[in-house]
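Working notes for the structure below.
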Amino acid sequence: MTKKLYIETVGCQMNVLDSELVVASLRKNGYELTDNTRDADTILFNTCSVRQHAEDKIYSALGRLKNAKREAPHKIIGVLGCMAQKDQRLIFERAPYVDLIVGPGQLHQVPQLIAGIAAGGGPRMEVSLGRTEGARAEIERSHESFDPLRDPEMRPTPHQAYVRIMIGCDKFCTYCIVPSVRGPEQSRPPSQIVAEARQLAGEGCKEIVLLGQTVNSYRYQESDRRWRLSDLIYALDAIDGLERIKFVTNYPKDMTDDLLDAVGELPKCAKYLHVPAQSGSNRVLQRMKRGYTIEEYREMMDRIRARLPDAAVASDFIVGFCGETEDDFQLTCELVREQRFKNSFIFKYSERPGTRGADLYADDVPEEVKKRRNNELLAIQNEISEADNQPFLGRQVEVLVEGLSKAAEKHDDPAAQQVQLTGRTRCDRIVVFDGNRRQIGQVLPIAIVDANAHTLFGTVVTQHVGPELFTLKA
Ligand code: 5AD
Ligand code: SF4
């Protein structure tokens, strides 16, 4: 008999990929997905710890399940991912009806752990070693990358796929919990990555997005060859069937010229780079221990612009980090105005217990100030995004069609062939247009007719296929 699985995912693309792989492994074990917790035999939360808000959301979702578990004690409730690794037994204390806690390094065990609990084995917890709980090699081994063979029928989007190229992070920015919950930086062997990409391409996948916390820090020593990210994307670009390759997220210090040249030279490589600056002030960058000065970041941007004049660059910023003054914040605004990022992800600083930042500095910028700085920076970025989208009006762009637009998905009528579609340009701009379901997965020419800060709107350019016109010679 099939069992029903409800899964909720918060956080980054890495979590989206992890959830896809967990769902695939459970479907092999007789589960099918449901979109409500009432029907579910197993309820899983794949969690994020990067900000307090993401954790609060999960704890309140768990709180709402208390009665459901009392009424149906056979339901299995599990917490996976970063918050499982960070809070560990604390989750059992705060929500004693949770059955399962699994860190990001043990996801391969999920089906077997659930089976054990269903058989009456009681609650289980599997997590990795902390960053000081052993020798590096031992800690590395305790964080196992979860990259089982991909099953084409179990992928949610046939034309696109995330491919993990590394796990963990060794940068230890003082605000960030990732190095402790995702463990040491470890790159996957290039042969595995290329084989996975080849398999995906063979199954009709058009775009792969390479994932790593600091994806451009990728390094792999094979017996006679040292692989960098640039070497890897050269190998991937040669795979037949693939149309686009993206990689996120980049670390500014590792944005080397070999990589920029590869992005410029390789036709399949998206002309898009996400390289978070985090702040425009040296004082703040130093307290964040980002490892670069703002002059170095600017120098990197100059190299990007010189080598890749058409590339779009996106950034992340944290506002209200410990000790951030109004002057520091103004330096961030200046950087955004000057660099004209395609978009910026802006976050209010959220203190994370267990980070160096939490130990060293007071979280001393009041919440209202964080909020105001967040809104101000967002307004500056939005104005830039909107202005920089205007030159696209009247232009034709190449769009890889991803699927139904958000609006169309909400009231989708599967019988209707004409639908509103969405996709992205080669520089990662979102395009919305009317089309046909069959066009999903294709690369289409789209003429842009309208634009706001976040979206370009267009129409499909149809090739002339009607009867030829001949002029009669006099
Ligand atoms: N508070 C707020 N934002 C954070 N980020 C990482 N840690 C924190 C934190 N403690 C942001 C950074 C990073 C993005 C993924 O999340 O900007 O680039
Ligand atoms: Fe966190 Fe810094 Fe590593 Fe990014 S580079 S995951 S911000 S520690």
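Inter-label distance, Tyr234 to Thr293: 3.4 nm, where each label sits 7 Å from its Cα along the C-beta direction.
What shape does region 254-320 take by its C-alpha gyration tensor, where a ≥ b ≥ c are the square roots of the eigenvalues and a/c under 1.5 counts as rounded, a/b above b/c as prolate, and the rest as oblate? Verdict is prolate for region 254-320. If you take all other residues with their beta carbon under 11 Å from the beta carbon of Glu8, and give Lys and Arg +1 and Asp and Glu -1, the sum is 0. I need the shape label for region 359-432. Rule: rounded when a/c is under 1.5, else prolate if a/b > b/c, else oblate, with a, b, c from the alpha carbon gyration tensor. It is prolate, given that a/c is not under 1.5 and a/b is the larger ratio.
On full extension, the segment bounded by Arg438 and Asn36 gains 141.7 nm, given 0.36 nm per residue less the C-alpha separation. No disulfide-compatible partner, judged by a Cβ distance under 4.7 Å, exists for the following cysteines of the chain: Cys12, Cys48, Cys82, Cys169, Cys205, Cys269, Cys322, Cys333, Cys427. Beta bridges per DSSP, both residues in region 1-144: antiparallel share near 0 percent. On the basis of the beta-carbon distance and an R0 of 22 Å, Asp327 and Asp359 show a calculated FRET efficiency of 0.30.
The alpha carbon gyration tensor of the chain gives principal lengths a ≥ b ≥ c with a/c of 1.5 or higher and a/b no greater than b/c, which makes the shape oblate.
May I ask you to derive the relative contact order of region 352-474, considering only C-alpha pairs under 8 Å and at least 6 residues apart, and to give it as an integer percent? The value is 24 percent. Within a straight-line Cα-Cα reach of under 12 Å, Lys28 can be paired with the following aspartates and glutamates, leaving aside sequence neighbours fewer than 8 residues apart in one chain: Asp151, Glu153.
Using 0.36 nm per residue and subtracting the Cα-Cα separation, the extra length available between His454 and Lys28 on full extension is 149.5 nm. Taking label positions 7 Å along the Cα-Cβ direction at both Gln390 and Ala415, the computed distance is 4.5 nm, reported to one decimal. Annotation: amide H-H contacts under 5 Å for Asp170 (H modelled 1.01 Å from N, sequence separation of 5 or more, or interchain): Glu185. With the helix formula -39500 (n - 2.57) applied to DSSP H stretches of n ≥ 4, the chain reaches a computed 222 nm mean residue ellipticity of -10000 deg cm²/dmol.
Put in line by how crowded their Cβ is, counting other Cβ atoms within 10 Å and starting with the fewest, Phe92, Phe433, Phe247 read Phe92, Phe433, Phe247.
Computed from label points 7 Å out along Cα-Cβ, the spacing between Asp257 and Arg340 is 2.6 nm. In summary, the lysines within cross-link reach of Lys253, defined as a Cα separation below 22 angstrom excluding same-chain residues under 8 places away, comprise Lys171, Lys271, Lys289, Lys342. Counting only DSSP beta bridges whose two residues both lie in region 95-209, roughly 25 percent are antiparallel.
Read-outs: derived from the displayed coordinates by stated rules, not from any lab. Since the model is a prediction, treat every value here as computed from it, not as a measurement. Glycine gets a Cβ as well: all are built from the backbone with ideal geometry, and neighbour counts include every protein chain shown.
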